[in-house]
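> Take a look at the following structure, please.
The values are calculated or read from the model by the stated rules, or taken from the named source; none is laboratory data. Quick caveat, the model's predicted, so the values are computed rather than measured. Note that we place each Cβ from the backbone using ideal geometry, even for glycine, and neighbour counts take in every protein chain shown. We work out accessible area using only protein heavy atoms, side chains counted, and drop any ligands, DNA or RNA first. Shrake-Rupley method; radii C 1.70, N 1.55, O 1.52, S 1.80 Å.
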Amino acid sequence: MEGIHHRANNFDALRVAAALLVIWSHQFALMGRPVPLVFGNEPGALGVVLFFAISGYLVTQSWIADPNLPRFALRRALRIWPGLTVLVVLSVFILGPMLTELPLQDYFDHSVTHQHLFNLVLKTQTSLPGIFTSNPHPGSLNGPLWTIPLEVGCYIGLAFAGVLGLMRWRWYPLVIFAVLAAILQLRYSTPSPPQWSFGLQYAMIFALGASLSRWSFFWFQYPWRTAGIVLSACSLLYYYGPAPLNGQSPLFALAGLSVVWGSSRTPGAASAGRFGDFSYGLYIYGFPVQQIVIWGFANQLPFPVALSLSLGGALFCAALSWHFIEKPALRWKPRRPSILPSS
C-alpha cells in the first residue's frame with residue numbers, strides 16, 4: 001500500500017488474497033454457517049495476519065527511507081482516511097436510510113447512528129440501527145472496521161520509536177516482538193485476560209514484519225534460507241514453547257513467509273496490481289456487500305452463489321474506491337526532498 005504505482009513484486013497479489021480470505025470466512029459466519037478452521041484459526045484471521053505482516057514490513061521501509069514525522073503521518077493518513085471517510089459517510093447517510101426499518105427521524109436520532117460516525121476518529125462502531133433485522137447477524141454493517149484503529153496504533157508506535165531514534169537499531173522491532181509476546185503470555189496466564197489482549201497478537205505480527213524489514217539487507221540475498229529459518233523457529237516454538245504462544249506459531253510462520261514471498265517476483269502474481277490496488281476497498285466494502293446480498297435474498301441463496309455475488313459487488317466497490325478516491329488521494333503523498341549537492 002505504499003504508492004499508487006505498481007511495483008514488480010508479489011505484495012499486491014498477496015494483499016488481494018488476504019482480503020479474499022476475510023470475505024470468504026465472513027460468508028460462512030454471516031449466513032449462519034460454521035466457519036472452517038485453518039491451522040486452528042478462521043480464514044479471516046489468516047487474512048488479517050497477512051495484512052499486518054505486509055504493513056509492518058512496508059511501513060517500516062517507508063520510515064527508514066524518509067524518517068520525517070510530518071511526511072510519514074501524512075502518507076499514512078492519505079492511505080487510510082479518504083477511503084474510510086467515503087465508506088462511513090455512505091454507510092450513515094445512504095445505506096442506513098435505505099435499509100433501516102426504523103422511521104428516518106428515529107434512525108437519525110439514534111445514538112448508534114451518531115456513534116457510527118466516530119469510526120472517522122477510530123472509535124469503532126460496526127452497527128447501524130434497524131438494518132438487516134432478518135439476517136443471522138442483525139444490525140451489523142461492517143465488522144472488519146475494528147482492525148483499523150489497531151493498524152493506526154501500530155503506525156503511531158513505529159513513528160514514536162523512529163522519532164526517538166530507536167528504529168536505527170536493527171534489533172529494536174524484534175525486541176518489541178519479544179516484549180509483546182511476554183505481555184501476551186502474562187495476560188493469558190490470568191483467569192480472565194482483558195479483551196485488548198487479542199490485539200497484541202496482531203501487533204506482534206506487525207513487529208515481525210518490521211523486523212524483517214530491518215534485516216532485509218541480509219535475507220534478500222538468501223530468501224529461501226530465511227524461509228527455512230522462520231519455519232524452523234516457529235516449529236520449535238510450536239513443539240516446545242509455552243501456551244498460548246505455541247498456538248500462535250503457525251501465524252508467525254505465515255507472517256514471515258508472506259513477507260519473503262511478497263518481496264519476490266513471481267510471474268502473474270507480480271503483475272496483479274496493474275489495474276489498481278483493490279485490497280483495501282475489498283476489505284472495507286466486503287462485509288456490507290455480503291450483508292446486503294444475504295438480506296436481499298432472505299439468506300436463501302446457495303453458498304457459492306451468495307459468495308460469488310458478494311465478491312462481484314465488493315470488487316466493483318473496491319475498483320470505484322481505488323480509481324476515484326484512494327488513488328487521487330495518494331497523489332498528494334509528500335515526497336522526500338531531493339538533496340542537492342553543495343556548490
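> Using only Cα atoms, what is the ratio of the radius of gyration of segment 47-160 to 2.2 N^0.38 Å?
1.27
> With a Förster radius of 51 Å, plug the Cβ-Cβ distance of residue 233 and residue 335 into 1/(1 + (r/R0)^6) and report the FRET value to the nearest 0.05.
For R0 = 51 Å, the calculated efficiency reads 0.85.
> For residue 298, project a label point 7 Å along Cα to C-beta. Then give me every residue of segment 125-165 with its amide nitrogen under 19 Å of that point.
Backbone N within reach: 131-139.
> While we're on this one: What is the distance, in nm, between label points placed 7 Å from the Cα along the Cα-to-Cβ direction at residue 106 and at residue 66?
5.1
> Moving to a separate point now. How big, in percent, is the set of alpha carbon pairs in segment 101-148 lying more than 17 Å apart?
Value for segment 101-148 (Cα pairs over 17 Å): 35 percent.
> Something else: Using a 1.4 Å probe on the protein heavy atoms, what percent of the accessible area of the chain belongs to carbon and sulfur?
The computed percentage sits at 68.
> Right, here's the next one. Suppose a student asked you for the relative contact order of segment 166-320, using Cα pairs under 8 Å spaced at least 6 residues apart; what percent would you report?
Averaging sequence separation for qualifying contacts and normalising by length gives 18 percent for segment 166-320.
> Once the Cβ-Cβ distance between residue 225 and residue 188 is put in as r, and R0 is 41 Å, what FRET efficiency do you end up with, to the nearest 0.05?
Efficiency at R0 = 41 Å is approximately 0.80.
> What full-extension length gain, to one decimal in nm, is calculated for residue 257 and residue 120 as 0.36 nm per residue of separation minus the Cα-Cα distance?
46.0 nm
> Taking H as built 1.01 Å from N, whose amide H comes closer than 5 Å to the amide H of residue 41, not counting residues under 5 places away?
Amide H to amide H, under 5 Å and 5 or more residues apart or across chains, residue 41 pairs with nothing.
> Pop out the ³J(HN,Hα) list for segment 164-172 in order, Karplus 6.51 cos²θ - 1.76 cosθ + 1.60 with θ = phi - 60°, rounded to Hz; leave Gly and Pro as x.
Rounded to whole hertz, the list is 6, x, 6, 5, 6, 8, 5, 7, 4.
> In a GNM of the chain with a 10 Å cut-off on Cα contacts, which of 322, 24, 171 has the highest mean-square fluctuation?
Ranking 322, 24, 171 by mean-square fluctuation puts 171 first.
> I'd like to check one number: the per residue accessible area of the chain, probe 1.4 Å, reported in Å² as a whole number.
48
> Taking the chain as the reference, fit the longest principal axis to its C-alpha atoms, fit the long axis of helix 69-90 to the helix C-alpha atoms, and give the angle between the two in degrees, 0 to 90, nearest 10.
For helix 69-90, the angle is close to 20 degrees.
> Something else about it: Just subtract the alpha-carbon distance of residue 37 and residue 275 from 0.36 nm times their residue separation and send over the number in nm, one decimal.
Contour length minus the Cα-Cα distance gives 82.5 nm.
> What number results when the radius of gyration of segment 100-179, computed over Cα atoms, is divided by 2.2 N^0.38 Å?
Computed over Cα atoms of segment 100-179, the ratio equals 1.66.
> Can I ask one more? I need the semi-axes of the equivalent ellipsoid of segment 241-343: take the C-alpha gyration tensor, multiply each eigenvalue by 5, square-root it, list largest first in whole angstrom.
The answer is 34, 26, 14 Å, longest axis first.
> So what is the relative contact order for segment 236-316, in percent, with contacts set as C-alpha pairs under 8 Å and at least six apart?
It comes to 22 percent, rounded to a whole number.
> Let me ask something else about it. Normalised by the number of residues in the chain, what is the relative contact order in percent for Cα pairs under 8 Å and 6+ residues apart?
Result for the chain is 31 percent.
> Let me ask something else. If the convex hull of the alpha-carbon atoms of segment 1-106 is projected onto planes in all directions, what is the mean projected area in square nanometres?
Average projection, Cα convex hull of segment 1-106: 10.1 nm².
> May I pose another question? Roughly what angle does helix 197-214 make with the longest principal axis of the chain, taking Cα atoms, 0 to 90 degrees, to the nearest 10?
Tilt of helix 197-214: around 40 degrees.
> Now for a separate question. Does anyone have the angle between helix 223-240 and the longest principal axis of the chain? Alpha-carbon axes, 0 to 90°, nearest 10?
Value to nearest ten degrees: 70.
> Along its principal axes, what span do the Cα atoms of the chain show, with the longest given first and each in whole Å?
That works out to 65, 59, 41 Å along the principal axes.
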